[in-house]
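Trainee: Once you've had a glance at the structure underneath, I'll fire off some questions.
The values are calculated or read from the model by the stated rules, or taken from the named source; none is laboratory data. As the structure is a computational prediction, the values presented were derived from the model and not from experiment. All Cβ positions, even for glycine, are placed from backbone atoms using ideal geometry, and neighbour counts span all protein chains on display. Ligands, DNA and RNA are excluded from the accessible area calculation, which covers all protein heavy atoms including side chains. Shrake-Rupley method; radii C 1.70, N 1.55, O 1.52, S 1.80 Å.
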Amino acid sequence: MNTMNGGYSKLAAEYNGHLRGGELGKCGKDLFVMSTHLREEGRRVDELKALMLSFFLDLNGVSSGPAINRSTAKRAADAFGASGLGRNEMEELYTDTIRGDTVPKPIMSVKDSLYVFEVCLEGKTEEADEMLARFMDAQTEE
């Protein structure tokens, strides 16, 4: 499958429309679906980037509240394993892909979200959920 085919192009156009419209929750879902096309092409680093963005959007609650999307975390772990990237390269990719202004009011910094992402890559989603809950509690105390 070529990413320039009609299916992927349509998804990219929908993503861009949602992004321009400020519909970040839909953007996260679009990125997850787009990552499937990238995976089918063997473009595992690009797949990982799309999943990183989708993860960050979910983590910051742009859809229905802050959450760790287990499907995204599992797919990201698989993409990371298949990408051939080392841990440092993955961290650099994350910080190059995710910016402080990716969402209007982020719950946590890019650096903190990277740590949560890495915990998820290790399959420790329960631990990541606890970390997110602590961030949420800290925000309500402020």
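Trainee: Need the C-alpha centroid separation for region 55-123 versus region 18-46, integer Å.
Mentor: What the calculation gives is 14 Å, centre to centre.
Trainee: Where the only charges are on Cβ atoms (+1 Lys, Arg; -1 Asp, Glu), what is the dipole of the chain about its Cα centre, to the nearest 20 debye? Mind showing how you got there, number by number?
Mentor: Values: 17 positive and 24 negative charges, 109 e Å.
In debye, rounded to 20, the chain gives about 520.
Trainee: Something else about it: What accessible area per residue comes out for region 1-83, rounded to a whole number of Å², with a 1.4 Å probe?
Mentor: Value for region 1-83: 46 Å² per residue.
Trainee: Further, regarding this structure: Under the rule a/c < 1.5 gives rounded, and otherwise a/b versus b/c splits prolate from oblate, where does region 72-142 land using the Cα gyration tensor? Write down the numbers at each step before the final one.
Mentor: Working: a/c = 2.68, a/b = 1.48, b/c = 1.81.
Oblate, because a/c is 1.5 or more while a/b does not exceed b/c.
Trainee: Taking a quarter of the surface of the Cα convex hull of the chain, what do you get in nm²?
Mentor: Taking a quarter of the hull surface, the average projection is 8.2 nm².
Trainee: Calculate what fraction, in whole %, of the accessible area of the chain sits on carbon and sulfur atoms when a 1.4 Å probe is rolled over the protein chains.
Mentor: Carbon with sulfur: 50 percent of the solvent-accessible area.
Trainee: At 18 Å minimum axial length over the Cα atoms and a Kyte-Doolittle cut of -1.0, report the qualifying DSSP H helices in the chain, or say none.
Mentor: Values: long enough: 6-20 (21 Å, -0.80); 24-40 (24 Å, -0.12); 44-59 (22 Å, 0.80); 70-83 (19 Å, -0.52); 125-141 (24 Å, -0.86).
Helix filter hits for the chain: 6-20, 24-40, 44-59, 70-83, 125-141.
Trainee: Continuing with the same structure: Once the other residues with Cβ under 11 Å from the Cβ of Leu93 are scored (Lys, Arg +1; Asp, Glu -1), what is the net sum?
Mentor: -3
Trainee: Compute the distance in nm between two label points, each set 7 Å from the Cα along the Cα-to-Cβ direction, one at Glu40 and one at Asp101.
Mentor: 3.5
Trainee: Classify region 1-78 from the C-alpha gyration tensor, please: rounded if a/c falls under 1.5, else prolate or oblate depending on whether a/b exceeds b/c. Please list the in-between numbers first.
Mentor: On the way: a/c = 2.82, a/b = 1.21, b/c = 2.33.
Because a/c hits 1.5 or more and a/b fails to exceed b/c, region 1-78 counts as oblate.
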